[in-house]
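Asks: First the structure, then my questions, so here it is.
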Amino acid sequence: MKIACIAGARPNFMKIAPILEAMKPYPNLDSLLVHTGQHYDYQMSGVFFKELEIPEPDIHLGVGSGSHAVQTAKIMMAFEETALEHQPDLVLVVGDVNSTLACALVAAKLHIPVAHVEAGIRSFDMTMPEEVNRVLTDDISDYLLPPSNFGRENLIKEGISEDKIFVVGDTMIDTLFKFRERAEQTSILTELGLKAKSYALMTLHRPANVDIKENLIAILDAIERIQEQIQIVFAIHPRTKSHIQTFGLSNRVAAMSNLRIIDPVGYFAFLNLMINAHFVLTDSGGMQEETTVLGIPCLTMRDTTERPETIEEGTNTLVANDTELIVEESLKILNGNGKRGTYPELWDGHAAERIVEVLHQQLV
Ligand code: UD1
Ligand code: UDP
């Protein structure tokens, strides 16, 4: 059985790594690792292959950046050729990026079964490109592998047959547990001159926050006030970096003396920064899960989340791009009232093993 495993953008790499590892003990499962090239900078892609011990991709589609239509279409055209040439028995996609939907769609049209890791999660906000990718990918998948019961319930409500759904847990958390100790050994705090718990860690990249000038300004207004209370380390995504420049906000950002902007960093350094942060400010999907498992308070600058467990059980709070709310919740944390919590039972570091067990049972 040949399983084409697809990865293309930063959050895919943490999700695919443990699955490739879990396939190793099964002599009758062969992986064909396909990198679409959606992300291509070393700090957005190569570093994760090195650190997470992901083998070199068997195929690199090299599609690069583009509008949604261009990027999705380019991945589809390139992956169709790959699928026809290599004839995989299954295409395994993870997450909700354009690479996920593009490869699932190619497979479905070629009558190759599709497995979707992270199926069923929903923000119920179809203005998010990821929500479109999730709904469509799930609809054409044969094996749906949600991280928790929330995903399962959504899929059932959408009419997906129960016998295709296997709640397996969260592979991003497998990676977190596997590399946590290694991450703690990095010297990133010393390199940046930081002391544990003396800074807030920030990331930002959702189009709704960074592609619309007034929304980006509303967030910067909050950041300006928070950095007066605590240093903020901002690992800036290339999309955000470019918008700060094109919107003419570079000087404003540079004037915030306690805001430290760094390039995106590798997984080990970033995990270390998360573990030692006083709190996290983000609009990332995956970081909501990671902070919940690490027990670090997280303020998510979005109106909705497709990961409600992180709010109901975990350390996450939604603050949208509402200046006052972002500042208010940050001050609450600084005053010692940060959220504590737990996390779903199956986020236990063994999700990938369960995924491979399910696929082996179903396919072989
Ligand atoms: C994508 C995903 C998003 C995910 C995010 C993770 C979609 C629709 N979006 O958003 O769900 O949360 O990745 O980081 O798939 N760029 C570089 N170097 C790179 C990659 C991108 O400079 O290695 C720049 C390019 O200018 C590009 C822009 O970033 O146009 C956006 O990249 P793209 O992959 O289209 O979307 P993301 O915002 O990264
Ligand atoms: N991450 C990283 N370096 C960084 C920023 C994030 O390694 O500079 C990791 C983070 O810990 C998580 C993943 O990247 O594992 C999340 O990716 P991102 O926020 O880009 O995507 P999303 O989860 O929002 O789809």
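Asks: When you look at T342, is it crowded, with 23+ Cβ neighbours inside 10 Å, at negative phi and free of Cβ contacts under 8 Å to residues at least 60 places away in the same chain, yes or no? Walk me through it before giving the result.
Replies: Details: crowded, with 23+ Cβ neighbours inside 10 Å: no; at negative phi: yes; free of Cβ contacts under 8 Å to residues at least 60 places away in the same chain: yes.
No, not satisfied.
This table checks each residue for (1) within 11 Å of ligand 1 (Cβ to nearest atom); (2) touching a strand residue (DSSP E or B) at 6+ places or on another chain (Cβ under 8 Å); (3) not charged (D, E, K, R).
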residue	(1), (2), (3)
K2	no, yes, no
A9	yes, no, yes
A17	no, no, yes
A22	no, no, yes
P27	no, no, yes
L32	no, yes, yes
G46	yes, no, yes
E53	no, no, no
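Asks: Limited to the range 182-212, what total is found for residues that are within 14 Å of ligand 1 (Cβ to nearest atom), β-branched (V, I, T) and either open to solvent by 60 Å² or more (accessible area, probe 1.4 Å) or more than 20 Å from Y267 (Cβ to Cβ) (or both)?
Replies: 2
Asks: Follow-up question, since we're still on this one. I'd like to verify a number: residues in the range 23-49 that are within 18 Å of the chain's Cα centre (by Cα), within 16 Å of T175 (Cβ to Cβ) and open to solvent by 20 Å² or more (accessible area, probe 1.4 Å), how many?
Replies: 1
Asks: Can I ask one more? Given the residues A102, A107, A119, A83, which is the only one that is aliphatic (A, V, I, L, M), open to solvent by less than 10 Å² (accessible area, probe 1.4 Å) and within 12 Å of ligand 1 (Cβ to nearest atom)? I'd like the intermediate steps shown before the answer.
Replies: Working: A107 fails: within 12 Å of ligand 1 (Cβ to nearest atom); A119 fails: within 12 Å of ligand 1 (Cβ to nearest atom); A83 fails: within 12 Å of ligand 1 (Cβ to nearest atom).
Of the residues listed, the single one that is aliphatic (A, V, I, L, M), open to solvent by less than 10 Å² (accessible area, probe 1.4 Å) and within 12 Å of ligand 1 (Cβ to nearest atom) is A102.
Asks: Output the residues belonging to the range 122-152 that are surrounded by 22 or more Cβ atoms within 10 Å (Cβ to Cβ), of a type in the set (S, T, Y) and out of contact with any strand residue (DSSP E or B) (no Cβ under 9 Å at 6 or more places or on another chain).
Replies: Passing the criteria: only S148.
Asks: In a loop (DSSP other than H, G, I, E, B) and within 13 Å of ligand 2 (Cβ to nearest atom): is that true of T240 in this structure? Reasoning before the result, please.
Replies: Numbers: in a loop (DSSP other than H, G, I, E, B): no; within 13 Å of ligand 2 (Cβ to nearest atom): yes.
No: the conditions fail for T240.
Asks: Here are E324, E306, E329: which of them is under 26 Å from D170 (Cβ atoms) and part of a helix (DSSP H, G or I)?
Replies: On the way: E324 fails: under 26 Å from D170 (Cβ atoms); E306 fails: part of a helix (DSSP H, G or I).
The conditions single out E329.
Asks: Could you tell me whether V327 is over 20 Å from the mean Cα position of the chain (by Cα) and within 17 Å of N149 (Cβ to Cβ)?
Replies: For V327, the condition - over 20 Å from the mean Cα position of the chain (by Cα) and within 17 Å of N149 (Cβ to Cβ) - is not met.
Asks: Is it fair to say N215 is open to solvent by 10 Å² or more (accessible area, probe 1.4 Å), within 16 Å of ligand 1 (Cβ to nearest atom) and in a helix (DSSP H, G or I)? Outline the logic, then answer.
Replies: Working: open to solvent by 10 Å² or more (accessible area, probe 1.4 Å): yes; within 16 Å of ligand 1 (Cβ to nearest atom): yes; in a helix (DSSP H, G or I): yes.
Yes.
A quick yes/no check of all residues on (1) among the hydroxyl-bearing types (S, T, Y); (2) more than 15 Å from ligand 1 (Cβ to nearest atom); (3) not in a loop (DSSP other than H, G, I, E, B):
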{"site": "Q229", "(1), (2), (3)": "no, yes, no"}
{"site": "I232", "(1), (2), (3)": "no, yes, yes"}
{"site": "I244", "(1), (2), (3)": "no, no, yes"}
{"site": "S257", "(1), (2), (3)": "yes, yes, no"}
{"site": "P264", "(1), (2), (3)": "no, no, no"}
{"site": "A269", "(1), (2), (3)": "no, yes, yes"}
{"site": "A277", "(1), (2), (3)": "no, yes, no"}
{"site": "L281", "(1), (2), (3)": "no, yes, yes"}
{"site": "E290", "(1), (2), (3)": "no, no, yes"}
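Asks: Look at Y40 and say whether it is near ligand 1 (Cβ under 10 Å from one of its atoms), part of a loop (DSSP other than H, G, I, E, B) and more than 15 Å from H116 (Cα to Cα).
Replies: yes
Asks: While we're on this one: Can you tell me which of G295, G336 is free of Cβ contacts under 8 Å to residues at least 24 places away in the same chain and open to solvent by 20 Å² or more (accessible area, probe 1.4 Å)?
Replies: Details: G295 fails: free of Cβ contacts under 8 Å to residues at least 24 places away in the same chain.
One residue alone meets the criteria, G336.
Condition check ((1) open to solvent by 30 Å² or more (accessible area, probe 1.4 Å); (2) farther than 14 Å from E184 by Cα) across all residues:
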| position | (1), (2) |
| --- | --- |
| I244 | no, yes |
| A255 | yes, yes |
| R260 | yes, yes |
| L271 | no, no |
| V280 | no, yes |
| M287 | no, yes |
| E290 | no, yes |
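Asks: Identify, please: which residue in the range 345-354 is within 18 Å of the chain's Cα centre (by Cα) and part of a helix (DSSP H, G or I) and is, among those, surrounded by the most Cβ atoms within 10 Å (Cβ to Cβ)?
Replies: So the residue we want is A351.
Asks: Sort through G62, G95, G66 and tell me the only one that's within 11 Å of ligand 1 (Cβ to nearest atom) and either more than 21 Å from G169 (Cα to Cα) or open to solvent by 20 Å² or more (accessible area, probe 1.4 Å) (or both).
Replies: G66
The values are calculated or read from the model by the stated rules, or taken from the named source; none is laboratory data. If you're wondering where the values come from, they're calculated on a predicted model, not measured in any experiment. Cβ atoms come from the backbone with ideal geometry, glycine included; neighbour counts cover every protein chain shown. Side chains included, ligands, DNA and RNA excluded: accessible areas come from the protein's heavy atoms. Shrake-Rupley method; radii C 1.70, N 1.55, O 1.52, S 1.80 Å.
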